[in-house]
């Protein structure tokens, strides 16, 4: 069984370096991913993303702070992202937030 844990918090540079050192020492480094996520202006939690490997559209059901939320994802080729963005723009969905993230992943 695999369990994914994602921690979201604002931390200072010293705490970041401390956590990074901990996971480098105690975990297996799996790699880095450059992610660009667009949160669309919608009543639902609707997003589009491109990363190092692919593009995707996904919808998160439920509310932000629910203990668990169902996710529906559809993946596309990375190079299809501009077309995905254009489709949603033409449908009237504005980008509410652009989140740029450098995601480092470890197995621990």
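Structure above, values below:
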{"read-out": "Helix axis angle, 13-26 relative to the chain longest principal axis, alpha carbon, degrees", "value": "70"}
{"read-out": "Order of 75, 28 under a 10 Å beta carbon neighbour criterion, fewest first", "value": "28, 75"}
{"read-out": "Cα Rg over Rh - region 24-64, Kirkwood", "value": "1.14"}
{"read-out": "Helix 81-90 axis, angle to the chain major axis (alpha carbon atoms, nearest 10°)", "value": "40"}
{"read-out": "Normalised convex hull volume, the chain, alpha-carbon set, Å³ per residue", "value": "131"}
{"read-out": "The chain: relative contact order in percent, alpha carbon pairs under 8 Å with at least 6 residues between", "value": "34"}
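Bear in mind that the values in this text are calculations on the coordinates, not laboratory data. As the structure is a computational prediction, the values presented were derived from the model and not from experiment. Ideal geometry is used to build each Cβ from the backbone, glycine not excepted, and the neighbour counts take in all protein chains shown.
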